[in-house]
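As structure tokens, the structure follows; a few thoughts come after it.
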Amino acid sequence: MSNTTTIDPELRIALKKLRLGKMIPTLPERLLLARQNKLSHDAFMLLLLRDEIDRRDSTATARRAHTAGLDPDMVLERWDNSTKVHFDRHVLDELYAFASSRARATSSSSAPSASARPSSRPRSDTSPAGTASR
């Protein structure tokens, strides 16, 4: 079996018309994987769609973070509890819980997982100095 798979030009055109052109670079690899694992058509399609959903979620999250001017190094895993700031502890606990539940949910998926992203931002009261109040 060949390691290279040629994508039909008509398939490329169809994917682009459906705005799924970003799937094209990974399609040969996924086709090979499907053949090697003897995936059914619906399992193969689900694999492709999960990849695309994860890619779009990741891209959207990165775009929102960039638009908001967030520092990519500012993540919950690097939170320093000894920092002298005031914050809404309940909101931080919810963020930790959401991030860990999202990580568990996506780690059980057969497709690569996207980074966790909340569907809506938790509300916290902030002081004029920009630090959240307790």
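Read-outs: derived from the displayed coordinates by stated rules, not from any lab. Remember, predicted model here, so these are calculated numbers, not experimental data. With ideal geometry, Cβ positions are generated from the backbone for all residues, glycine too; neighbour counts draw on all protein chains shown.
Figures for the structure shown
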| item | result |
| --- | --- |
| Burial ordering of 63, 55, fewest other beta-carbon atoms within 10 Å first | 63, 55 |
| 17, 22 arranged by Cβ crowding within 10 Å, fewest neighbours leading | 17, 22 |
| Rg/Rh ratio calculated on Cα atoms of segment 46-90 (Kirkwood radius) | 1.17 |
| Ranked 54, 93, criterion: other C-beta atoms within 10 Å, fewest first | 93, 54 |
| Local electrostatic count, residue 5, Cβ distance below 11 Å [Lys/Arg +1, Asp/Glu -1] | 0 |
| Translational diffusion of segment 8-107, µm² s⁻¹ [Kirkwood Rh, Cα pairs; Stokes-Einstein; 25 °C; 0.890 mPa s] | 144 |
| Phi-based couplings in Hz for segment 14-26 (Karplus 6.51, -1.76, 1.60; Gly and Pro marked x) | 4, 4, 5, 5, 8, 6, 10, x, 5, 7, 4, x, 9 |
